[in-house]
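**Student:** Starting off with a structure, shown below.
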Amino acid sequence: MQILDATAAHAAGITAVYNHVVQHTTAIWNDGTVDVRNRADWIAARQQADFPVLVAVDEAGAVLGYASYGPWRPHDGYRHTVEHSVHVREGLRGRGIGTLLLQAVIDRARAQGRHVMIAGVDAGNEASLRMHERLGFERTGVLREVGTKFGRWLDLAFLQLVL
């Protein structure tokens, strides 16, 4: 496995991971899926804004997962804080791919001189919460019933890592 900067050639693999997460989990609080053009545009926009999009790929180049970060909030005072996302292909979760991707975006954020990385995680996703804590994130709070998906209210846990 390798971790690489994503290109438009990875958009189809990222789209497949993203859409599966949207359709079957509470890791992304969107209801609609996207097409490959959407993800290709997303990759280009992130990179144009100097935010990385990283992919984990196997020996054949298939996307196993992806990670990125972007602005946390739009106001100038938050410019040194980023919020990240990490998603792994169905059937491959729990094998360390997410941890490697998260460590890679942490390293990239440090290299860019970012100050804090924020994680917003479904409060019921204990595996993700533990992964973040293993990499030094601290739980800072929970917002109760701020999201909804699959007909139920969801709590949002916030974690932060001072870089």
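**Student:** Taking the range 101-113 on its own, how many of its residues are crowded, with 18+ Cβ neighbours inside 10 Å and over 12 Å from the mean Cα position of the chain (by Cα)?
**Tutor:** 2
**Student:** Okay, next question. Scan the range 25-48 for residues that are open to solvent by less than 70 Å² (accessible area, probe 1.4 Å) and in contact with a strand residue (DSSP E or B) (Cβ under 7 Å, 6 or more places away or on another chain) and jot them down.
**Tutor:** THR26, ALA27, ILE43, ARG46
**Student:** Got a number for residues in the range 114-132 being under 25 Å from ASN30 (Cα atoms) and open to solvent by 50 Å² or more (accessible area, probe 1.4 Å)?
**Tutor:** The total comes to 5.
**Student:** For the range 106-163, name all the residues that are outside any strand (DSSP E or B) and of a type in the set (Ser, Thr, Tyr).
**Tutor:** SER128
**Student:** Now a separate question. Take ARG152 and decide whether it is charged (D, E, K, R) and exposed (fewer than 13 other Cβ atoms within 10 Å of the Cβ).
**Tutor:** Yes: the conditions hold for ARG152.
**Student:** Please specify each residue of the range 90-100 satisfying the condition of being closer than 19 Å to PRO52 by Cβ and either open to solvent by 60 Å² or more (accessible area, probe 1.4 Å) or β-branched (Val, Ile, Thr) (or both).
**Tutor:** Pass one, the range 90-100, residues closer than 19 Å to PRO52 by Cβ: 97-100.
Once the filter is applied, which keeps residues that are closer than 19 Å to PRO52 by Cβ and either open to solvent by 60 Å² or more (accessible area, probe 1.4 Å) or β-branched (Val, Ile, Thr) (or both), the range 90-100 yields ILE97, THR99, LEU100.
**Student:** Within the range 7-100, which strands (runs of 3 or more DSSP E) (wholly inside it) include 1 or more residues that are within 28 Å of ARG152 (Cβ to Cβ)?
**Tutor:** Those strands (runs of 3 or more DSSP E) span 63-71, 81-88.
**Student:** Additional query: For the range 62-71, which positions are within 17 Å of ALA45 (Cα to Cα) and surrounded by fewer than 19 Cβ atoms within 10 Å (Cβ to Cβ)? Walk me through how you get there before you give the answer.
**Tutor:** At the first step, the residues of the range 62-71 found to be within 17 Å of ALA45 (Cα to Cα) are 66-71.
GLY70, PRO71, listed by residue number.
**Student:** So which residues in the range 132-148 are under 18 Å from THR99 (Cα atoms) and out of contact with any Leu (no Cβ under 7 Å at 6 or more places or on another chain)? Show your work before the answer.
**Tutor:** Of all residues in the range 132-148, those under 18 Å from THR99 (Cα atoms) come to 132-139.
Selection gives GLU133, ARG134.
**Student:** Between a first residue in the range 36-49 that is touching a residue at least 24 places away in the same chain (Cβ under 8 Å) and a second residue that is crowded, with 19+ Cβ neighbours inside 10 Å and part of a loop (DSSP other than H, G, I, E, B), which pairs have beta carbons less than 6 Å apart while being 6 or more apart in sequence or on different chains?
**Tutor:** Going by the 6 Å Cβ cut-off, the qualifying pairs are ILE43/ALA6.
The values are calculated or read from the model by the stated rules, or taken from the named source; none is laboratory data. Keep in mind that this is a model prediction, so the values were computed, not measured. Note: ideal-geometry Cβ built from the backbone for every residue, glycine included; neighbour counts use all protein chains shown. These accessible areas exclude ligands, DNA and RNA; they are computed on the full protein's heavy atoms, side chains included. Shrake-Rupley method; radii C 1.70, N 1.55, O 1.52, S 1.80 Å.
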